[in-house]
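Here is the structure we will look at.
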Amino acid sequence: MKRILVIRLGALGDFVQSFGPFAAIRAHHPGAHITLLTTPPFADLARRSPWFDEVWADGRPSWSRPGAMLALVRRLHAARFDRVYDLQTSSRSSRYRWFVGGRAEWSGIARGASHPHANPHRDAMHTLDRQRDQLRMAGITEVPPPDLAWLDADLSRFRLPPRFALLVPGASPLRPLKRWPVEGFARIAAEAGLPVAVIGGPAEAPLAAAIREAAPGTLDLTGRTSFAEIASLGRQADWALGNDTGPTHLLSAAGCPTLALFGEDSDPSLCAPRGEATEVLRHLPLAALPVEAVQAALAGLPGRGAPAAATQPRAPQT
């Protein structure tokens, strides 16, 4: 039995965009023992998936903790992997090649890799295209959209209405320019024509409170949802609106009609979600994006409905 290692450390949006490569690697090595090296936020999600036999969550120990780093070095060396797919392709993950040992085949950008991603334009490629190109150079030519039927959860505890929409007003606190002003989300909620639910981490609770002030019927689910519940919410929702952040990517991957907002702090040509019912609206600066343009874009989403108030013609991307 071959032993395969896949490296994907995070963040959530990047992890979601590796679902297809994960599935392709599993299909290409049906009889292998496949281990994922990741970080604690994504370990349970990976264990639920059908793609891995084993999940290690200690993939990013601090360089200031030599004991933890040494433990990872020993673990990687002792596993005697036959092949490694480094989907993180960072300077950190490339160093891990030396920990794994030279006997293992390596797909990635590490010096001396047996299957290097030798495309000089890789840094200008969308994440999905870059990963597909990397796998192609390692002999995996088919990367179909993954089946996410396993990513499901019971939503009865939320007591959702028959129809609802989802808002994702947060984003990384370290990158505030990725956030459309909460006032815009509040107006969307107030004029949506159906109930909305706000999702995100516990830190987004003040954003949900501001939206509820404008639209009192809004459901605040911040800090209450697992990854599986987010995907299930996406399957039931009429539509979703969110910033460039992990939950937006997960909703898109689950098939929810999704409008993803981008501004000056991230480039959709490199990292936008690509769900079948997903559209991207970019405006520079994002803070100046008009609510009317967002409503128009929502009205044009393919799928299960659109906000009742958004009946004007769809605005072009700006």
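The values are calculated or read from the model by the stated rules, or taken from the named source; none is laboratory data. Bear in mind that the values here come from a model prediction, so they are computed numbers and not experimental data. Here the Cβ positions follow ideal geometry from the backbone for every residue, glycine too, while neighbour counts run over all protein chains shown.
Please work out which one of (1) surrounded by fewer than 17 Cβ atoms within 10 Å (Cβ to Cβ); (2) free of Cβ contacts under 8 Å to residues at least 24 places away in the same chain is the condition His77 fails and give its number.
(2)
Before we move on, is Ala210 surrounded by fewer than 24 Cβ atoms within 10 Å (Cβ to Cβ), more than 20 Å from Pro162 (Cα to Cα) and in the same structural domain as Glu264 (by TED's automatic domain parsing)?
yes
Give the range 205-251 a look and list any residue that's free of Cβ contacts under 8 Å to residues at least 40 places away in the same chain, part of a helix (DSSP H, G or I) and of a type outside the set (Lys, Arg), or say none.
Within the range 205-251, Ala205, Pro206, Leu207, Ala208, Ala209, Ala210, Glu213, Ala214, Ile230 meet the criteria.
With the range 1-64 as the region, which strands (runs of 3 or more DSSP E) entirely inside it contain at least 1 residues that are surrounded by fewer than 18 Cβ atoms within 10 Å (Cβ to Cβ)?
Qualifying strands (runs of 3 or more DSSP E): 33-37, 54-56.
Within the range 239-251, is even one residue surrounded by fewer than 16 Cβ atoms within 10 Å (Cβ to Cβ) and either more than 18 Å from Leu12 (Cβ to Cβ) or not assigned by TED's automatic domain parsing to the domain that holds Asp44 (or both)?
Taking every residue of the range 239-251 in turn, none turns out to be surrounded by fewer than 16 Cβ atoms within 10 Å (Cβ to Cβ) and either more than 18 Å from Leu12 (Cβ to Cβ) or not assigned by TED's automatic domain parsing to the domain that holds Asp44 (or both).
Quick check on Asp14: is it among the acidic types (Asp, Glu), under 22 Å from Ser114 (Cα atoms) and in contact (Cβ under 8 Å) with a residue 40 or more places away in the chain?
no
Starting from the range 120-149, take each residue that is within 15 Å of Tyr85 (Cβ to Cβ) and list its partners that are of a type in the set (A, V, I, L, M, F, W, C) and part of a loop (DSSP other than H, G, I, E, B), counting only C-beta distances under 7 angstrom and pairs at least six apart or across chains.
That search, which allows pairs on different chains as well, returns Gln131/Leu87; Arg132/Val143; Asp133/Met125; Leu135/Val143; Met137/Ala118.
Per-residue answers, yes or no, for (1) assigned by TED's automatic domain parsing to the domain that holds Tyr85; (2) free of Cβ contacts under 8 Å to residues at least 60 places away in the same chain; (3) not polar (S, T, N, Q):
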site: Gly20; (1), (2), (3): yes, no, yes
site: His29; (1), (2), (3): yes, yes, yes
site: Ser64; (1), (2), (3): yes, yes, no
site: Ala71; (1), (2), (3): yes, yes, yes
